[in-house]
1. For all pairs of alpha-carbon atoms in the chain, what percent lies in each bin of width 20 Å, listed from the first bin to the last filled one?
2. Which aspartates and glutamates, if any, have their Cα less than 18 Å from the Cα of Lys388, not counting same-chain residues under 8 positions apart?
3. Quick one, what does Rg over Rh come out to for the range 502-577 if you take C-alpha atoms and the Kirkwood Rh?
4. Project the alpha carbons of the range 6-139 onto their principal axes and report the range along each, largest first, in whole Å.
5. How compact and how long is the range 187-243, expressed as Rg and Dmax of its alpha-carbon atoms in Å?
6. Quote the Stokes-Einstein diffusion coefficient, in whole µm² s⁻¹, for the range 246-309, based on the Kirkwood radius over alpha carbon pairs, a temperature of 10 °C and a viscosity of 1.306 mPa s.
7. Can you quote the Å³ per residue value for the convex hull of the Cα atoms in the range 143-215, rounded to an integer?
8. Tally up the carbon and sulfur contribution to the accessible surface of the chain as a whole percent, 1.4 Å probe, everything protein left in place.
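The values are calculated or read from the model by the stated rules, or taken from the named source; none is laboratory data. Just so it is clear, the structure is predicted and the values come from calculations on it, not from any experiment. Neighbour counts are summed over all protein chains in view; Cβ atoms, including those assigned to glycine, are modelled from backbone coordinates with ideal geometry. Remember, those area values only see protein heavy atoms, side chains included, never the ligands or the DNA or RNA. Shrake-Rupley method; radii C 1.70, N 1.55, O 1.52, S 1.80 Å.
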Amino acid sequence: MTTDEIRQKFLEFFERNGHKVVPSSSLMPDDPSVLFTTAGMQQFKPYYTGAADPIKDFGSKNIASCQKCVRTSDIDSVGDESHLTFFEMLGNFSFGGYGKKEAIQLGYDFIVKELGLEISSVSIFKGDSETPADEESEKIWQEIGMKRIIKGKREDNFWGPTGNEGPCGPTTEIYIKNIDGKEIEIWNIVFNEYYKDCNGRYKKIPLGIDTGMGLERLVMILQKKTSVYGIDIFERLMGYLKEKTYNANERIIRIIADHLRAAVFMIADGFLPSNTEAGYVLRRILRRVIGQVKLIGLSDKFFIDCVKIIGDIYQSVYPEIKRNEAEIITVINNESEKFGRALEAGIKEFKKEDLKNVTGEKAFYYYQTFGLPIDIIKDLASGNVDEKGFIEEFKKHQEISRAGAEKKFGGHGLALDTGEIKALNEEEIKQVTKYHTATHLLHAALRKVLGDKNISQRGSDITAERLRFDFSFPRKLTEEEKKKIEDLVNEMIKMNLSVKKEEMPYEEAIKSGALAFFKGKYPSIVSVYTIYNPENNEVFSKEICGGPHVNETGEIGQIKILKEESSSAGVRRIKAA
C-alpha cells in the first residue's frame, strides 16, 4: 500500500466504526501556549474540558483525523531511522463517546485485523506519587491476550498537557518490530482523565480518548523499510537530492529532505522567517538547509525544484502547497539570498582556520560575525563543538544587549509579548501596533460585508511581518467577499479615522456598546478603544482591548489579505500583511 492508501484506510476504518472524519487544522495553532500544532488533539482541546460541544460542531462525540504536525524537541535526532520535524499524525478521539476498553480494542483491531501486523509489546503507566497506576488498561490488554506488557514511568507513559496546563492522563503505547527486528513505538493512546492546572495540580475530569500514530512510521513498517526516509512519499524527493548532492552523506541528505518539507508546509500555512518564536524555528531549519546547499555549490533553482516536487507529492491531500507554490519559493529564495553572502564568507573563514574542536566562544564568534547557525558549525567541524558553551555565550550577549537597551530607553522594555502580539525591538513594536489596530478594522469589515453581527473574534496572532485573525463563521469566504473586506479596511485606513482610548468599569463598557469576546478574562476596569470619524463622530469599531494602537488609522498604510482558510470547526482564519 502507498502512503495515501494507508492514510485513507485508517480514516475509513474509523468512519465505519462510528467516527466523524475531520480535516487537519493549520500548523499555526489556536493555542497560544505552543508555537506549532504538535498533535492531532490540539484543535479538539476545548472538547475535553467541556468548553465546546462535539455534537453541536461535528454531530458526533467520536472523531478521526490525519493532522499536519511540527515538532522540534527531537530536531537533533532528525536524519536517523524515525525522527522528522514535520510529520502526519493519524488519530482517533472521543469526548465521552467511549472508554479505555473500546479505545484499546479499536487500536488492536486496526493494527492486527485490518493491517495484518503483529504487536510485539505494549506499555502502560505504572503510577507514582502524583497519579495512580493505570490498572484498567493492564487488565484490558491481558483480556485481549497480550503477553508482553511493560510498566512505564511518568516520562514514558503519562501525556502532559500541550502547554503549561490542560487535559492529560496515562497512556498505553503499542510497539511493533520493523524489518530489522527493532521495536518501534507506533501508536500512543492517551486517556485524558485529569486536568493539570497552572499550579501543577491534577484534577479528575470525565474521560476523553486522544490517540496518535505517526503515519510515516506506520508506512515504514508496512512497506518494510529500515527508515522513514525510504518510504514512497520520500522516494522522489530523496532521489532528486541524491542526484544533486552526490558527494553528501546519507544523514545530510535526510536532514535537507526533512527540513525542506517542514519549511514548505510551514510557509504554506502562513509562517514567515523571523528572529522570534515560530518564525525563528523556520529561519533556523531553512538556514541549515541553505548552508548545506551552499556548501555543495547548488543554485537557488534547487529550491524551486524541491518545492515543486513536494507540491506534486501532496497535491491530492494538501493542495495548499501547490496553491501557494510561488509564495513558498519566494520566501525560501529571499532567505537564501539574505543569508547566502554572509554564509559564504563564514564558511570560507571557518575552513581557513581548519578547526578540529570548536569552543563555545569560537562558535559564538562565527554566529555573531557571519550568522553561522550552531547546526552549520556542527556540520562543518571535524571534531566536537561545545554547544553548551555556545549557549552560555549567547545568553551573556543577550544580557549585555538588554542592559544597553534599558540604559538607552530609560528602563522601558523593547520586547513585547502579550501572547497574541510579539515584537523583538522598538521598530517591531511600531509594526505590531499598526497590525493590531488593523485587526479591529478587519473585524468591523467582516461584520459589515458578511452582514452577520454574530461574527466574533476567536483569537489572533501578530508579528512584525503579518497578522492572523480568527473569527467565528460557518463557511469559506468567496473571492468577491474577500475583495470587499480588503477594500473596506483600506478605505477606513485612507479616511484616517481617530482612535480613542477610554477606561471604565467592564459593565459600563458593555452597556456603551463595546464588543467583548473573551468572557471571564477581563479585569473590573477595562480599556475601550473606539475607531471613529472625528468630523461626524460615526463609530466604525468599539472594542474592549488591551492595546497597543495607533492614534490614527492612516498610520497603518495598506492591508493585503494573503489567505482565508479554516482554523477549526466553525472558525475561519485570515492572514494579512
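1. P(r) over the chain, rounded to whole percents: 18, 49, 31, 2.
2. Asp74, Asp76, Glu361, Asp375, Asp379, Glu399
3. Numbers: Rg = 15.1 Å, Rh = 14.7 Å.
Expressed as Rg/Rh, it is 1.03.
4. Principal-axis extents of the Cα atoms in the range 6-139, largest first: 40, 40, 36 Å.
5. When restricted to the Cα atoms of the range 187-243, Rg and Dmax are 19.0, 55 Å.
6. Values: Rh = 12.2 Å.
Reported coefficient: 130 µm²/s.
7. Numbers: hull volume 9.1 nm³, N = 73.
Taking the convex hull of the Cα positions in the range 143-215, it is 125 Å³ per residue.
8. Working: 12530 of 26270 Å².
The computed percentage sits at 48.
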